[in-house]
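*Asks:* I have a structure here, written as structure tokens, and I will follow up with some questions on it.
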Amino acid sequence: MRFSTRAIHAGQDPDPVTGSVTVPVYLTSTYQQPGPGKEGKYVYSRTANPTRTALEECLASLEEGRYGLAFSSGMAATTTILLSLKKGDHVIAGDDIYGGTYRLFEQVLRNYGLQFTYVNPENPDNVEKAIGKNTRLVWIETPTNPLMRIVDIRRISMISKRAHALLVVDNTFMSPYLQNPLAHGADIVVHSTTKYLGGHSDLIGGATITKDKDVQSRLKYLQNAVGAIPGPLDCYLVLRGIKTLAVRMDRHNENARTISEFLTKQPKVEKVNYPGLVDHPQRGIIKRQMRGNGGMLSFHLRGGFNQCKKLLESLRLFTVAESLGGVESLIEHPASMTHASVPRERRLKLGISDNLIRVSVGIEDAEDLVQELNRGFRSI
């Protein structure tokens, strides 16, 4: 089956008891067992829930994996992956990963004895040079958040495998519709299902997907032991969002291309970061591992924070808010919002300057969005 068909049907057969076409929301904490010491398929909803099972099977199918796990948030999924490591293990991570991931690594997990090195993975040699005897995990995003840098998954995978380290790819920005990291050698894919998979800014969730049975067994054990699982209603909402993922991503992709082209022509814009630009220096990698350019972009506005503040406060169709991937367009200032936990000196070194603005382009009429931005630029 092709993607759009799997998004609607994978893991979502009609209910065998009632014939319900929609997967029911199983609001139960426990299940009747055949007898003492005789467990049924479901025992306790922290361990497994039928609504969550449907979501996990669907996610595995869409990411071309074998196993999926759903979590209470993207950060819960990230934390669970890192809990598979032990004190003294070394992690190599991209240097401009999501601020919340950096905060978790530096301010929480480092206190438990994990070691972290940050490199620019655009050049795979940087990853290879950072490999140590205790390197167990490589963590990348592509495109990166918020600079939209592209990382060659296949080359990083080859380096990771030689080091016997797992490669984790955060695929939130692209969604399974536009990119499948497992097909390019990644060991684990992680998502914030809050974003494009849910698609309507009405839930919090996360997920991991893998092809590896041993990796899945360890993550499944931790999912149950730690207990950072989503409720069945959140699972239902993600499933409902997934059914329209393909049509939404096509519109996000189209609108972001229109907005990026508009921004490149604005005299008040210094630089636009978007994979779909015709002169993008990594076009070869983009064409090889992505089926589109996504709905996320960022740009550097001429001037500093005050100019960014004026622009964002002048807009109405673009809501000033963190998060991304919903049907509505969101706009934010990474330095003071999503990446505020990253030390200023580090942010500036990476290019996350005070004049950087990140946009999650929604599925509104593109012309209305262009007119709104044009009005905003005239007001500053």
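*Asks:* Can you find a residue that is over 18 Å from the mean Cα position of the chain (by Cα), surrounded by fewer than 18 Cβ atoms within 10 Å (Cβ to Cβ) and free of Cβ contacts under 8 Å to residues at least 24 places away in the same chain anywhere in region 131-154?
*Replies:* Yes, there is a match, as at least one residue in region 131-154 is over 18 Å from the mean Cα position of the chain (by Cα), surrounded by fewer than 18 Cβ atoms within 10 Å (Cβ to Cβ) and free of Cβ contacts under 8 Å to residues at least 24 places away in the same chain.
*Asks:* Further question: Looking at GLU261 and the list (1) outside any loop (DSSP other than H, G, I, E, B); (2) touching an Asp or Glu at 6+ places or on another chain (Cβ under 7 Å); (3) free of Cβ contacts under 8 Å to residues at least 24 places away in the same chain, which single condition is not satisfied?
*Replies:* (2)
*Asks:* Residue check, ASP96 against (1) within 18 Å of the chain's Cα centre (by Cα); (2) more than 23 Å from ASN145 (Cα to Cα), all met but one. Which one?
*Replies:* Here ASP96 meets the rest and fails (2).
*Asks:* Sticking with this one: What number of residues in region 328-360 are in contact (Cβ under 8 Å) with a residue 12 or more places away in the chain, closer than 30 Å to GLU106 by Cα and not in a helix (DSSP H, G or I)?
*Replies:* 20
*Asks:* Mind checking whether some residue in region 68-88 is surrounded by 13 or more Cβ atoms within 10 Å (Cβ to Cβ) and among the charged types (D, E, K, R)?
*Replies:* No: region 68-88 contains no residue that is surrounded by 13 or more Cβ atoms within 10 Å (Cβ to Cβ) and among the charged types (D, E, K, R).
*Asks:* Could you list, in sequence order, the residues of region 162-176 that are in contact with a Leu (Cβ under 8 Å, 6 or more places away or on another chain), under 16 Å from LYS133 (Cβ atoms) and either of a type outside the set (A, V, I, L, M, F, W, C) or assigned by TED's automatic domain parsing to the domain that holds HIS252 (or both)?
*Replies:* Answer for region 162-176, where residues must be in contact with a Leu (Cβ under 8 Å, 6 or more places away or on another chain), under 16 Å from LYS133 (Cβ atoms) and either of a type outside the set (A, V, I, L, M, F, W, C) or assigned by TED's automatic domain parsing to the domain that holds HIS252 (or both): there is none.
*Asks:* List the residue pairs whose Cβ atoms are under 6 Å apart, where the first residue sits in region 361-380 and is modelled with pLDDT under 95, the second is surrounded by 12 or more Cβ atoms within 10 Å (Cβ to Cβ) and not acidic (Asp, Glu), and the two are 6 or more positions apart or on different chains.
*Replies:* Every condition considered, the pairs that remain are SER379/SER314; ILE380/GLN307; ILE380/LYS310; ILE380/LEU311.
*Asks:* Let me ask another. Filter region 299-317 for residues that are of a type in the set (A, V, I, L, M, F, W, C) and either surrounded by 16 or more Cβ atoms within 10 Å (Cβ to Cβ) or part of a strand (DSSP E or B) (or both); which is nearest to the chain's Cα centre (by Cα)?
*Replies:* Only one residue fits best here, namely PHE299.
*Asks:* Under the condition of being touching a helix residue (DSSP H, G or I) at 6+ places or on another chain (Cβ under 8 Å) and without any contact (Cβ under 8 Å) to a residue 40 or more places away in the chain, which residue from region 71-104 is nearest to ILE204 (Cα to Cα)?
*Replies:* LEU104
*Asks:* Another question about this same structure. So which residues in region 275-319 are aliphatic (A, V, I, L, M) and out of contact with any His (no Cβ under 8 Å at 6 or more places or on another chain), if there are any at all?
*Replies:* LEU277, VAL278, ILE285, MET290, MET296, LEU297, LEU301, LEU311, LEU315, LEU317
The values are calculated or read from the model by the stated rules, or taken from the named source; none is laboratory data. These figures come from a predicted structure and were not determined experimentally. Using ideal geometry, Cβ is built from the backbone for each residue, glycine included, and neighbour counts are taken over all protein chains shown.
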